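Step one of this worksheet: look at the structure below.
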Amino acid sequence: MVELGYALSSEEHLPNDLVRYAQRAEEVGFAFALISDHYHPWIDQQGQSPFVWSVIGGIAQATQRLRLGTGVTCPTMRIHPAIIAQAAATAAAMMPGRFFLGVGTGENLNEHILGEHWPPHDLRLEMLEEAVRVIRLLWQGGTQTYRGCYYTVENAQIYTLPDALPAVLVAASGPKAAETAGRLGDGLISTAPQESLPERFEAAGGAGKPCYGQLTVCWARDEASAQRTAHKYWPNAGLKGELSQELPTPAHFAQASQLVRADDVAQRIVCGPDPARHIEKIQEFAEAGYDHVYVHQVGPDQEGFFRFYSQEVLPKVR
């Protein structure tokens with residue numbers, strides 16, 4: 001069984017639109033959503049990047065059943081983990097039983113803005129592990145002090161705590177991160193149906209915990225239109241290797257994306273109105289070990305996507 005969710009793309013949409021799309025996702029039958037936490041979009045064409053915690057407050061009031069998580073927050077550089085701990089506790093208090101915290105090692109694109117050196121991946125994993133330790137310590141309540149390798153907290157107390165603490169899910173795109181997620185997290189988040197990641201996650205301590213996979217699609221009335229839209233708004237899908245973690249600005253992503261053809265993007269993004277192709281990709285995630293799949297619709301036509309999924313995909317997946 002796979003539970004379907006919706007990806008709220010902060011890089012593409014205004015904050016009030018994101019709140020409205022969360023409402024629509026709940027109305028058409030998506031069980032959950034993840035909202036991206038960026039300081040910049042990937043490229044200027046995407047055009048937006050609102051502060052995620054303000055948007056979460058709006059979604060908390062606009063929805064009743066939709067579960068919501070950050071997809072994902074980096075609690076290591078741009079925002080201190082003590083502040084993330086307070087923000088997530090408030091979100092969970094506003095959405096009892098409906099909020100979870102997704103965390104990851106981040107991207108240079110968003111985390112370099114305060115002028116700090118962008119560390120290598122192994123160091124970022126160490127920082128993430130300590131950041132989660134700080135978050136969970138503060139969630140215990142009472143006055144807490146912590147002095148670690150990367151973070152210091154002095155006499156801090158989070159007064160507004162939810163009755164039930166939110167789960168902490170950890171993002172991974174490679175084996176080391178998947179093992180860290182298994183040791184550290186209450187679930188796994190990834191962006192590709194790689195069977196090896198859930199296997200590593202489970203072997204490291206994640207057995208029985210949920211695995212979330214992000215599926216990027218572009219619905220349109222015809223496949224050619226969908227491919228053009230996907231290439232226009234999400235060419236970064238065609239970038240290979242570690243560029244998505246290492247490039248520092250939207251201008252650099254735009255330059256790198258000039259080498260990406262529409263066909264390259266179409267190989268990474270399900271394009272068009274054929275429900276069988278969308279369902280087939282969801283099935284790939286299921287077969288790779290993911291029990292939750294959240295769908296990112298590229299481009300401005302979110303309403304067309306909602307109608308298509310409510311009529312052609314959600315009933316069949318259920």
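Return, ordered by residue number, the residues of segment 55-96 whose backbone nitrogen is under 18 Å from a label point located 7 Å along Cα→Cβ of T143. Once the point is set 7 Å along Cα→Cβ of T143, nothing inside segment 55-96 turns out to lie under 18 Å by backbone N. A viscosity of 0.692 mPa s and a temperature of 37 °C, combined with the Kirkwood radius over C-alpha pairs in the Stokes-Einstein formula, give segment 56-176 a diffusion coefficient of 219 µm²/s. Loop-resident trypsin sites (Lys or Arg not before Pro) (DSSP state other than H, G, I, E or B) in segment 222-300 with no more than 15 further Cβ atoms inside 10 Å of their Cβ: K240, R261.
Oblate is the label for segment 1-94. Its Cα gyration tensor axes, ordered a ≥ b ≥ c, give a/c of at least 1.5 and b/c at or above a/b. The GluC sites (Glu not before Pro) found in segment 211-271 that occupy coil by DSSP, while having at most 15 further C-beta atoms within 10 Å, are E242. Computed over protein heavy atoms with a 1.4 angstrom probe, the accessible surface ordering of K209, K176, largest first, is K176, K209. The calculated P(r) of the chain, using every Cα pair and 10 Å bins from 0, goes 6, 27, 37, 24, 5, 1 in percent. With all protein chains in place and a 1.4 Å probe, the accessible surface of the chain carries 48 percent carbon and sulfur.
How long are the semi-axes of the ellipsoid equivalent to segment 212-318, from square roots of 5 times the Cα gyration tensor eigenvalues, in whole Å, largest first?
Values: eigenvalues 126, 57, 24 Å².
The three semi-axes for segment 212-318 are 25, 17, 11 Å.
The stretch between I83 and K316, if pulled fully straight at 0.36 nm per residue, gains 79.7 nm over its current Cα-Cα span. Spin-label model, D122 to F51: label points 7 Å out along the Cα-to-beta-carbon direction sit 3.7 nm apart. With Cα atoms defining each centre, segment 245-318 and segment 1-47 are spaced 13 Å apart in the structure.
Where does the charge balance sit around H38 when Lys and Arg score +1, Asp and Glu -1, over other residues with C-beta under 9 Å from its C-beta?
Details: positive: none; negative: E11, D37, E107.
Charge balance in the 9 Å sphere: -3.
Just subtract the alpha-carbon distance of L114 and H252 from 0.36 nm times their residue separation and send over the number in nm, one decimal.
On the way: separation 138, 0.36 × 138 = 49.68 nm, distance 1.81 nm.
Length gained, L114 through H252: 47.9 nm.
Shape annotation for segment 91-246: C-alpha extents along the principal axes are 58, 37, 32 Å, from largest to smallest. Restricting attention to the chain, the count of lysine pairs at 8 or more positions apart or across chains with alpha carbons under 28 Å apart stands at 9.
Where Lys and Arg each count +1 and Asp and Glu each count -1, what net charge lies around M127 among other residues with Cβ under 13 Å from its Cβ? Value of the local net charge: -3.
Hey, got the dipole for segment 49-146? About the Cα centre, +1 on K and R Cβ, -1 on D and E Cβ, debye to the nearest 20?
Values: 7 positive and 7 negative charges, 113 e Å.
The calculation lands at about 540 debye.
Extension gain for V2-V28 works out to 7.7 nm (0.36 nm per residue, less the C-alpha to C-alpha distance).
Using a simple charge model, +1 on the beta-carbon of Lys and Arg, -1 on the beta-carbon of Asp and Glu, nothing else, what dipole does the chain show about its Cα centre, in debye to the nearest 20?
On the way: 25 positive and 36 negative charges, 93 e Å.
In total the dipole reaches around 440 debye.
The values are calculated or read from the model by the stated rules, or taken from the named source; none is laboratory data. Here the structure is a predicted model, which is why all the values come from computation and not from measurement. As a convention, Cβ positions derive from the backbone with ideal geometry for all residues, glycine included, and neighbour counts pool all protein chains shown. To get the accessible areas, we keep the full protein, side chains included, count just its heavy atoms, and leave off ligands, DNA and RNA. Shrake-Rupley method; radii C 1.70, N 1.55, O 1.52, S 1.80 Å.
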